[in-house]
1. Do you know which of the residues in region 175-203 that are open to solvent by 60 Å² or more (accessible area, probe 1.4 Å) and in a loop (DSSP other than H, G, I, E, B) is nearest to Met238 (Cα to Cα)?
2. Is it fair to say Gly49 is on the phi > 0 side of the Ramachandran plot, open to solvent by 20 Å² or more (accessible area, probe 1.4 Å), outside any helix (DSSP H, G or I) and modelled with pLDDT of 85 or more?
3. Identify, please: which residue in region 148-174 is outside any helix (DSSP H, G or I) and charged (D, E, K, R) and is, among those, nearest to Ser201 (Cα to Cα)?
4. May I ask you to say which residue of Ser102, Ser145 is assigned to a loop (DSSP other than H, G, I, E, B), modelled with pLDDT of 95 or more, open to solvent by 10 Å² or more (accessible area, probe 1.4 Å) and out of contact with any Leu (no Cβ under 7 Å at 6 or more places or on another chain)?
5. Which of (1) part of a helix (DSSP H, G or I); (2) at pLDDT 90 or above; (3) touching a Phe, Trp or Tyr at 6+ places or on another chain (Cβ under 8 Å) is the odd one out, the single condition Phe87 does not satisfy?
6. From the set of residues in region 204-215 that are surrounded by fewer than 13 Cβ atoms within 10 Å (Cβ to Cβ) and either touching a His at 6+ places or on another chain (Cβ under 6 Å) or in a helix (DSSP H, G or I) (or both), which is modelled with the lowest pLDDT?
7. Within region 226-252, how many residues are part of a helix (DSSP H, G or I), closer than 19 Å to Val207 by Cα and not aromatic (Phe, Trp, Tyr)?
8. Just to be sure, is Glu233 within 19 Å of the chain's Cα centre (by Cα) and not β-branched (Val, Ile, Thr)?
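The values are calculated or read from the model by the stated rules, or taken from the named source; none is laboratory data. No experiment lies behind these values; they were computed from the predicted model shown. A quick note on method: Cβ atoms are made from the backbone with ideal geometry, for glycine too, and the neighbour counts reach across all protein chains shown. Please note that ligands, DNA and RNA were not included when accessible areas were found on the heavy atoms of the full protein model with its side chains. Shrake-Rupley method; radii C 1.70, N 1.55, O 1.52, S 1.80 Å.
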Amino acid sequence: MKQFFTSFLIFLLAFSSFAQIPSVAKYDLPKKRLLIQASSMYLYSSNQGLMDSDSTVVVTCRAYQLPLLLAYDEGYNDGTKLAGSEFVESGNIKSANRLLGSLKGVDKLKLLYQLANFYLFKSGAKPADLENAKNYIDQASALSSQLKIKKWELESLMLLGKYYFQLKNMPESRKYFLMAVEGSRKLNDIKALAYSLNTLSIYMSPVEPEKIKVMEEILGLYKELNNKEKLIEAEMRMTVIYFWSGKLDEARKMMYRSLLNMRSINFKHE
């Protein structure tokens, strides 16, 4: 914990020492998510052994005053008002649970996802937090099956993959992520497939041989979708893979490509 707050202070001091740090006020939701991913990836890579990946996201969100769950809610938050979000973001779980009892359908499902992610990605999560997360995940899985909407069934599978990853049960985690990917392929929905593959990639080690193939497919899908923010995120992940595999020329080329794409969307945090 001491290391975590030391890194947080260093990060904030670095930011406060520059007068021209770009504001995030004009960023839309995709750019805010890209900022979180880009900054947390940088912190994780530059502090190997000092900060875990969840802590780097917490530090980034605090530094930019962004809601923590923006890093994890892409599958169910399209920018419209989420029931109970103000309770979850402030940690008022009792009020969120009271509201949960009055909700139905997709609104209830989205609040279950919020609560599950709240407990899954707490910095320094304890066993009790993971138990709470599993309780909400089980409720979400049951409700998504009841609603019989494939999008939400796949989101619940990915949430299970994240849960087992936090438990360090990698075979079980990979099983659920692959189930979500396969389900997305059957939908014949490029956006859904790109999202499920990208989620899988986040929970793969950079040195896994299969990850390059996964990332190449992701890059192709986001190019086809013309989703520049997600393409940049994928390019950054590919840069890390190239770096750790010793392909420094490829890493450099991919890094410059990412910078050009950032400038093309007026993304100021390079």
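1. That would be Asp189.
2. Numbers: on the phi > 0 side of the Ramachandran plot: yes; open to solvent by 20 Å² or more (accessible area, probe 1.4 Å): yes; outside any helix (DSSP H, G or I): yes; modelled with pLDDT of 85 or more: no.
No: the conditions fail for Gly49.
3. If we filter region 148-174 for residues that are outside any helix (DSSP H, G or I), which is where we start, we get 148-149, 167-169.
In the following step, the residues that additionally are charged (D, E, K, R) were identified as 148, 168.
Values: Lys148: 26, Lys168: 16 Å.
Among them, the one singled out is Lys168.
4. Working: Ser145 fails: assigned to a loop (DSSP other than H, G, I, E, B).
Selected residue: Ser102, the only one of Ser102, Ser145 that is assigned to a loop (DSSP other than H, G, I, E, B), modelled with pLDDT of 95 or more, open to solvent by 10 Å² or more (accessible area, probe 1.4 Å) and out of contact with any Leu (no Cβ under 7 Å at 6 or more places or on another chain).
5. If we test Phe87 against (1) part of a helix (DSSP H, G or I); (2) at pLDDT 90 or above; (3) touching a Phe, Trp or Tyr at 6+ places or on another chain (Cβ under 8 Å), just (3) comes out false.
6. Pass one, region 204-215, residues surrounded by fewer than 13 Cβ atoms within 10 Å (Cβ to Cβ): 205, 207-210, 213.
From the residues that got through so far, the ones that are either touching a His at 6+ places or on another chain (Cβ under 6 Å) or in a helix (DSSP H, G or I) (or both) too are 209-210, 213.
Numbers: Pro209: 87, Glu210: 92, Lys213: 94.
Filtering first and then ranking leaves Pro209.
7. Of region 226-252, the ones part of a helix (DSSP H, G or I) are 228-244, 248-252.
Going one step further and asking which of them are closer than 19 Å to Val207 by Cα, we end up with 233-244, 248-252.
Next cut, not aromatic (Phe, Trp, Tyr) only: 233-241, 248-252.
The number of residues fulfilling the criteria is 14.
8. yes
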